[in-house]
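The values are calculated or read from the model by the stated rules, or taken from the named source; none is laboratory data. For clarity, every value in this text was computed on a predicted model and none was experimentally measured. All Cβ positions, glycine included, derive from the backbone under ideal geometry; neighbour counts span all protein chains shown.
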Amino acid sequence: MTTSKSLLLAAAAALLLGAVGCASEPGDGGELLTSTADELATTGPTYTAGTELVTTAALNLRSAGSTNASILRVMPNGSHVTVRATSGANAWVAVRFNGYDGWAHTSYLVPAPNGGGGGGSSPGGYSSARGNKLASTALRMDGHPAGGYCALETSNSVVQSGIIPNGVTWYRNNAIDISEYMAASPGYDAKVGFRSISVSPNAVPKGSIIGWRRGQCGYSSKYGHIEISVDSTSSRACSDFCGSIKKTCGSPYVFMPTTL
């Protein structure tokens, strides 16, 4: 075998070896990302043992709670996992997936509805039924120009969608006040059927309220911005207008619609 052929074969072998386990941290197609999603957050919700979660993107199952730990499996988008030990506060949760025990990052995990569809979900879990209603209502603003009324139209969408329980009053205010009030008031959130979750902007469940902080992503330095996710790919959101969800300026507040 000539030297040149030997070099080519060695290079090919190296490429094949390098391809093993090279799926993204969570990603949408297994591509290698330059800034992986499980490095974006360092804190997350705490889940008790036995809780069922679902992945919202392709997600690595690792041997330990660290991006330096080896990848055991890549869990496809929509995979169901079970929490095997109370964990998650440091953004890593111990889970079991298809008989494999490992760790996954909470940025791309949300509570799984029991039986799917949202109608028969356990209280506090994601409700696709309520999320779909809110997203559909928010889409009425598609094609409208931005007018500086994001808080008003987000609130109008919530009320007009009919997802708020009878006798419960929706908190109306400016964008940042709504976000900060909901972030500080889990009791109120439970009454109106939402729950604050820690996810990256690539993993916002459909029908969730997204709150951007003052000045974040170029939004108002006084009021921030608020909008509603309107698809299942965390791509678009609507308030007084509809546009792309911004991805490169940090994680926003996210309030997921839950089963009442």
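Values computed for the structure shown
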| item | result |
| --- | --- |
| Selection status of Ile178, in a strand (DSSP E or B) and at pLDDT 95 or above | no |
| Tally of residues being of a type outside the set (Ser, Thr, Tyr) and modelled with pLDDT of 80 or more across region 35-56 | 6 |
| Hits in region 54-93 - residues which are under 25 Å from Thr233 (Cα atoms) and small (Gly, Ala, Ser) | Ala57, Ala58, Gly78, Ser79, Gly88, Ala91 |
| Residues that are in contact (Cβ under 8 Å) with a residue 40 or more places away in the chain, within 15 Å of Val230 (Cβ to Cβ), part of a loop (DSSP other than H, G, I, E, B) and not hydrophobic (A, V, I, L, M, F, W, C), drawn from region 144-165 | His144 |
| Hits in region 123-155 - residues which are in contact with an Asp or Glu (Cβ under 9 Å, 6 or more places away or on another chain) and crowded, with 18+ Cβ neighbours inside 10 Å | Gly125, Ala135, Ala138, Met141, Cys150, Ala151, Glu153, Thr154 |
| Qualifying residues in region 219-244 (those that are of a type in the set (Val, Ile, Thr) and more than 21 Å from Asp177 (Cβ to Cβ)) - the one surrounded by the fewest Cβ atoms within 10 Å (Cβ to Cβ) | Thr233 |
| Pair list, Cβ < 7 Å and 6+ apart or interchain, from region 187-209 residues that are on the phi > 0 side of the Ramachandran plot and part of a loop (DSSP other than H, G, I, E, B) to residues that are buried (at least 20 other Cβ atoms within 10 Å of the Cβ) and among the hydrophobic types (A, V, I, L, M, F, W, C) | Gly193/Ile163; Gly207/Leu134; Gly207/Ala135; Gly207/Ile228 |
| Test: residue in region 50-62 that is touching a Ser or Thr at 6+ places or on another chain (Cβ under 8 Å), touching a residue at least 24 places away in the same chain (Cβ under 8 Å), assigned to a loop (DSSP other than H, G, I, E, B) and over 19 Å from Pro257 (Cα atoms) | yes |
| Ala138 of a type in the set (Gly, Ala, Ser), modelled with pLDDT of 95 or more and closer than 19 Å to Arg236 by Cα | yes |
| Among (1) modelled with pLDDT under 90; (2) in a loop (DSSP other than H, G, I, E, B), the one test that Val110 misses | (2) |
| Extreme residue, modelled with the lowest pLDDT, among residues of region 216-238 that are in contact with a strand residue (DSSP E or B) (Cβ under 8 Å, 6 or more places away or on another chain) and in a loop (DSSP other than H, G, I, E, B) | Ser235 |
| Residues of region 75-86 satisfying the condition of being surrounded by 20 or more Cβ atoms within 10 Å (Cβ to Cβ) and within 17 Å of Thr46 (Cα to Cα) | Val81, Val83 |
